[in-house]
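Chemist: Pasting in a structure now, in structure tokens, and then I'll have a few things to ask.
Here, each number is a calculation from the coordinates, and none is a lab measurement. None of the values given here were measured: they were computed from a predicted structure. Here the Cβ positions follow ideal geometry from the backbone for every residue, glycine too, while neighbour counts run over all protein chains shown.
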């Protein structure tokens with residue numbers, strides 16, 4: 001059977017998941033795209049239903065993923081072009097979309113390497129920024145991302161998309177700054193706060209020790225809690241008129257310095 005009505009109750013439920021209120025209330029979210037779905041499956045994300053539109057399936061990778069989904073016990077629904085366009089987010093049209101259960105991670109369940117490498121983002125408001133930051137942390141080999149007092153939803157479609165599926169490959173823990181701080185101190189992880197006004201340049205820090213780099217939102221920066229409890233305060237030299245960088249760009253600069261030092 002092909003779902004052709006945008007007024008179908010199931011389709012309405014999927015469409016509503018584009019909104020944060022519905023995601024938080026239901027505990028479900030949308031995954032779109034071949035790469036993102038593949039990574040979600042490999043990570044064991046609990047997919048509850050799957051929707052595909054043949055008119056948008058354009059290559060062998062799509063077909064292979066669809067065949068893989070068919071071998072699971074997930075409910076699969078073929079939908080019309082009109083219906084798919086109604087449930088898809090933005091202008092992306094890969095013809096593959098799934099509804100999944102939101103993972104709930106906490107700090108006590110998350111494991112780090114022998115020498116921890118943690119990224120903390122405080123009060124991030126834009127889902128695209130959070131997703132890009134998660135992608136950067138994954139690329140640098142960080143143990144986890146802690147979204148402290150996050151305004152945005154980790155499983156916002158924009159966050160999932162901008163992470164390129166990295167939200168499924170690296171643990172992303174949502175918690176308060178206070179809880180994150182207690183956890184860091186309990187595990188003897190040094191806190192490195194990225195601040196515009198800091199006098200120490202990030203390259204002067206020894207990243208071979210257990211550390212957590214803490215970055216704030218672009219408009220407000222870090223709260224006094226992190227400034228006051230930081231073991232080190234670092235800045236990125238700025239040669240032009242701009243006094244700061246996008247949070248994911250800042251993270252990339254600092255994290256890959258850590259990678260460089262750890263690979264020496």
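Chemist: Counting helices only, and only those DSSP H runs with n ≥ 4, report the 222 nm mean residue ellipticity of the chain as the sum of -39,500 (n - 2.57) divided by its residues, in deg cm²/dmol to the nearest 500.
Modeler: -10000 deg cm²/dmol
Chemist: I want to check the label-to-label distance for residue 246 and residue 71. Put each point 7 Å from Cα in the C-beta direction and report it in nm to one decimal.
Modeler: Computed distance between label sites residue 246 and residue 71 equals 3.7 nm.
Chemist: Determine how many Å³ per residue the convex hull of the Cα atoms of segment 2-101 encloses.
Modeler: In segment 2-101, the Cα hull volume divided by residue count equals 94 Å³.
Chemist: Still on this structure: R0 = 25 Å: FRET efficiency of residue 224 with residue 21, Cβ-based, nearest 0.05?
Modeler: Calculated transfer efficiency: 0.20.
Chemist: May I ask you to order 31-43, 69-81 by the average number of other C-beta atoms within 10 Å around their residues, highest value first?
Modeler: Final packing ranking: 31-43, 69-81.
Chemist: Classify segment 204-264 as rounded, prolate or oblate from the Cα gyration tensor: take a ≥ b ≥ c as the square roots of its eigenvalues, call it rounded if a/c is under 1.5, otherwise prolate when a/b beats b/c and oblate if not.
Modeler: Oblate.
Chemist: In Å³ and rounded to a whole number, note down the convex hull volume per residue for the Cα atoms of the chain.
Modeler: 150 Å³
Chemist: Taking the Cβ of each residue in 183, 226 as the centre, tally the other Cβ atoms inside 10 Å and list the residues starting with the fewest.
Modeler: Ranking 183, 226 by Cβ neighbours within 10 Å, fewest first, gives 183, 226.
Chemist: On to the next question. So what is Rg over Rh here for segment 106-165, counting just Cα atoms and using Kirkwood for Rh?
Modeler: That ratio equals 0.97.
Chemist: Cα centroids of segment 145-224 and segment 250-264: how far apart, whole angstrom?
Modeler: 15 Å
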